[in-house]
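The values are calculated or read from the model by the stated rules, or taken from the named source; none is laboratory data. Only a predicted model underlies this, so the values are computations on that prediction, with no experimental measurement involved. No Cβ is skipped: glycine too gets one built from the backbone with ideal geometry, and neighbour counts run over all protein chains shown. Calculation scope for accessible area: heavy atoms of the full protein, side chains included, ligands and nucleic acids excluded. Shrake-Rupley method; radii C 1.70, N 1.55, O 1.52, S 1.80 Å.
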Amino acid sequence: MFEFSWPWLFLLLPLPWLIAKFKPAQHSVPQRLRMPSFASLSSLAPKITAHSWGVSWLEGLVWALLVIAAANPQWLDEPVALPNEGRDIMLAVDLSGSMNEQDMEYQGRYVDRLSVVKAVLGEFIEQRQGDRLGLILFGDTAFLQTPLTRDLSTVSQMLSEAQIGLVGRATAIGDALGLSVKRFSQKQDSNRILILLTDGQNTAGNLKPEEALILAREEGIKVYTVGVGSDGRGGFSLFGMGGSAGSSIDEATLKHIASETGGSYFRAKDVSGLQKIYQELDELEPISDEAQTFRPQLALFFWPLLCALALIMLTILIKALRGLKQEA
């Protein structure tokens, strides 16, 4: 369906004619000095007026095209129904300095932990059609990178742009959990699922994990915790070659948080460990939401705008050619 966003702008079409009609007449100033070269131009005036109708017609058409463009013509496709069932899932990703350790095997080589998390979560996000996802990044503190949204491409883009050390080098697990509680408290009907990925233990932040756990339990948030990092030797660590990279994970706290909230704890020593969370989340019953529709829109304002610019150039060219002809 074709329509104009602001059709009332067509009221401006007669504006140039009204200005020309009701503009106060300019009083001629008595000439004190006569110059023959100027006087000779008076004989050309009727000739110029007689042939100026073409330029005036073009200028009027330019104005009409500009008004049409300003009214924002657009094409609306048929309404598309959006998914009205899904889950609300908040992802909390650790960006502390230890996430830079290259102790996880991916596609036949050892890479850093954050790269594996990005790769696996990127696939996870793509499969969450119908769900609302949000993204929390934490280090010395936690901040909301993306609120809960069905725009999965934006969530994936924000995750891919995350960098180690963006919010400090420490690990504020309590703050990440507390921030998710705050965001979920604004949602009345929600599954309230948090996936918290970390490779360490709480070393920073204003809120202790035990305190945040109490808040999460009261709000009915189900927390799935993921300990990221390999136990084995082989791979490169910034803190030593082939060290036991996984030893710093506070598994006791992560398991306690998951069990107290009805979630589960996963140990991600490799890619398959991270992917195990997919199946369990798919088994959760989605929450129904209000039905919503979306109508794809195609903007068309640039067509009359381009035509107006072309006619402006044509008008300038006509005036320039006439000026050269008169001088000849």
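The set of residues in region 193-212 that are open to solvent by less than 40 Å² (accessible area, probe 1.4 Å), of a type in the set (Val, Ile, Thr) and within 15 Å of residue 250 (Cβ to Cβ) contains only 198.
Scanning region 299-322 for residues that are exposed (fewer than 11 other Cβ atoms within 10 Å of the Cβ) and outside any helix (DSSP H, G or I) yields a count of 0. Filtered by the rule that a residue be of a type in the set (Gly, Ala, Ser) and either open to solvent by less than 10 Å² (accessible area, probe 1.4 Å) or not assigned by the TED database to the domain that holds residue 110 (or both), region 175-192 gives 176, 180. The residues of region 38-84 that are modelled with pLDDT under 80 and of a type in the set (S, T, N, Q), listed by number, are 40, 42, 43, 49, 52, 56, 84.
Each residue in region 93-120 was checked for being open to solvent by 20 Å² or more (accessible area, probe 1.4 Å), basic (Lys, Arg) and in a helix (DSSP H, G or I), and 1 pass.
Kindly evaluate residue 215 against the criterion of being surrounded by fewer than 19 Cβ atoms within 10 Å (Cβ to Cβ), of a type in the set (A, V, I, L, M, F, W, C) and farther than 21 Å from residue 278 by Cα. It is true that residue 215 is surrounded by fewer than 19 Cβ atoms within 10 Å (Cβ to Cβ), of a type in the set (A, V, I, L, M, F, W, C) and farther than 21 Å from residue 278 by Cα. The residue list 162, 170 contains one member that is open to solvent by 20 Å² or more (accessible area, probe 1.4 Å), in contact (Cβ under 8 Å) with a residue 60 or more places away in the chain, more than 18 Å from residue 272 (Cβ to Cβ) and in the same structural domain as residue 258 (by the TED database), which is 170. Among what's in region 120-145 and is within 17 Å of residue 175 (Cβ to Cβ) and of a type in the set (S, T, N, Q), pick the residue that is modelled with the lowest pLDDT. That would be 141.
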